[in-house]
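What follows is a set of notes on a single structure, which appears directly below.
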Amino acid sequence: MSRRDLDEDDIRHRATGRSRPRSKQRPSHSDSVDSLVTAVDRGRITCAVADDPATHVVAVKARELGRKAAVVGDRVGLVGDVSGATDTLARLVRIDPRTTSLRRTADDSDPYERVIVANAQQMAIVVALADPPPREGLIDRCLVAAYDAGVEPILILTKSDLADPTVLLANYRSFDVRAITTQRGSNLDELHALLKDQHTVMVGHSGVGKSTLVNALVPSADRAIGKVNDVTGRGRHTSTSVVAYHLDGGGWIVDTPGVRSFGLAHVDPNRVVNAFSDMTGGIDDCPRGCTHDEEECGLDAWVANGHASAERLDSLRRILRARTESGDRHSNAEQEI
């Protein structure tokens, strides 16, 4: 048989020592630099060096991390050029386990959930008292998301010079949620004290004043500020990405784009109940799969026996209903972040 009569099926490749697979051992990257993810943009990950938050390094994720994605707030390890100089690029080789994950779905029927921010300790729900008017449905949904993630919620009521906050504050008194009222040019010492040494994510409708607050807390942020539409009463989206900023007094704030609603398809009602410490003992008497808003619910007997107040149970059930009802009737067709 001549060589011209051979094809690829007639050739058998014999493995040699040089063709052995590479070792599965990977470098430990023990020299990696601890950092915090402050922004993510199309594969480019901006990180602040832990020992020097003013130094921002652009990095790309190492291939060995696979599909594991980094989000704002992640604590990571970097190798390579971590000087932060222009046109330099580091490599992100480690993503530390998250203490909390603030998540949402596109809507209440979507099984796919996204992590918005990692390792947040507080959620500042920013609400305008007027222009645009407050929408309690969204506040309730944000509370559900915060309780589910194990994040402490805070209410920040802006534009208090345009409307009285008394009624809105009364509606959330039984939740034991800390609340602060502000207006343009007001003293922010109380807010500074609340944010100090904490990782806080700010959420809320467009036009409520999130970016104005960020600029007041971090003047170098220079976040764009939009106006409220006179016809629809909705704010215009000016922030288009999630960005973390370091506070001079210590701590981080994370500004997020304006949100229409929080999809809560991923939320387990029991995790929300666990955030109400005075209610957790009553869960043991609930039937399997209890939604905690039905006749057989064990929480009714728990309250009847004096272990918790009826007002607190009503508040709990109110936000649990927000998990399955539209949180914002004015914009339930739009789910944006």
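The values are calculated or read from the model by the stated rules, or taken from the named source; none is laboratory data. Just so you know, these numbers come straight off a predicted model, no measurement behind them. Don't worry about glycine lacking a Cβ; one is built from the backbone with ideal geometry, like all the others, and counts go over all protein chains shown.
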Please determine, by comparing only the residues of region 178-205 that are without any contact (Cβ under 8 Å) to a residue 24 or more places away in the chain and within 15 Å of I154 (Cα to Cα), which one is surrounded by the fewest Cβ atoms within 10 Å (Cβ to Cβ). A193
Of the numbered conditions (1) assigned to a helix (DSSP H, G or I); (2) modelled with pLDDT of 90 or more, I319 satisfies every one except a single condition; which is it? (2)
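Right, A130: buried (at least 18 other Cβ atoms within 10 Å of the Cβ) and at negative phi or not? Lay out the reasoning, then the answer.
Working: buried (at least 18 other Cβ atoms within 10 Å of the Cβ): no; at negative phi: yes.
No; evaluated as a whole, the condition is false for this residue.
Please count how many residues of region 58-77 are closer than 21 Å to A120 by Cα and of a type in the set (A, V, I, L, M, F, W, C). Give the steps one after another, and end with the answer.
Taking region 58-77 and keeping what is closer than 21 Å to A120 by Cα, we get 68-77.
Add one more test, that the residue is of a type in the set (A, V, I, L, M, F, W, C), and what stays is 69-72, 76.
Result for region 58-77: 5.
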For region 132-220, please list each of the strands (runs of 3 or more DSSP E) lying entirely inside it that holds at least 1 residues being over 19 Å from G73 (Cα atoms). 152-158, 178-181
Going residue by residue through region 300-313, is there one that turns out to be surrounded by 17 or more Cβ atoms within 10 Å (Cβ to Cβ), among the hydroxyl-bearing types (S, T, Y) and at pLDDT 90 or above? no
I'd like to know if region 243-263 contains one or more residues that are part of a helix (DSSP H, G or I) and either modelled with pLDDT under 80 or surrounded by 20 or more Cβ atoms within 10 Å (Cβ to Cβ) (or both). no
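Mind telling me which of the residues T88, T99, T105 ends up being under 30 Å from T324 (Cα atoms) and surrounded by fewer than 16 Cβ atoms within 10 Å (Cβ to Cβ)? Please lay out each step first, then the result.
Values: T88 fails: under 30 Å from T324 (Cα atoms); T105 fails: surrounded by fewer than 16 Cβ atoms within 10 Å (Cβ to Cβ).
Residue meeting the stated conditions: T99.
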Within region 44-54, track down each residue that is more than 12 Å from H246 (Cα to Cα) and over 19 Å from the mean Cα position of the chain (by Cα). R44, D51
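From the residues in region 172-200 that are within 30 Å of L320 (Cα to Cα) and among the polar types (S, T, N, Q), which one is nearest to the chain's Cα centre (by Cα)?
Let us first name the residues in region 172-200 that are within 30 Å of L320 (Cα to Cα), namely 172-182, 191, 194-195, 198-200.
Right, trim to among the polar types (S, T, N, Q) and you get 174, 181-182, 198, 200.
On the way: S174: 24, T181: 22, T182: 23, Q198: 14, T200: 9 Å.
So the residue we want is T200.
Would you mind stating whether L36 is modelled with pLDDT of 70 or more and surrounded by 12 or more Cβ atoms within 10 Å (Cβ to Cβ)? Don't jump to the end; show me each part of the working.
Working: modelled with pLDDT of 70 or more: yes; surrounded by 12 or more Cβ atoms within 10 Å (Cβ to Cβ): yes.
Against the criterion (modelled with pLDDT of 70 or more and surrounded by 12 or more Cβ atoms within 10 Å (Cβ to Cβ)), L36 qualifies.
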What number goes with the only condition from (1) at pLDDT 95 or above; (2) in contact with a Pro (Cβ under 7 Å, 6 or more places away or on another chain); (3) among the β-branched types (V, I, T) that V177 does not pass? (1)
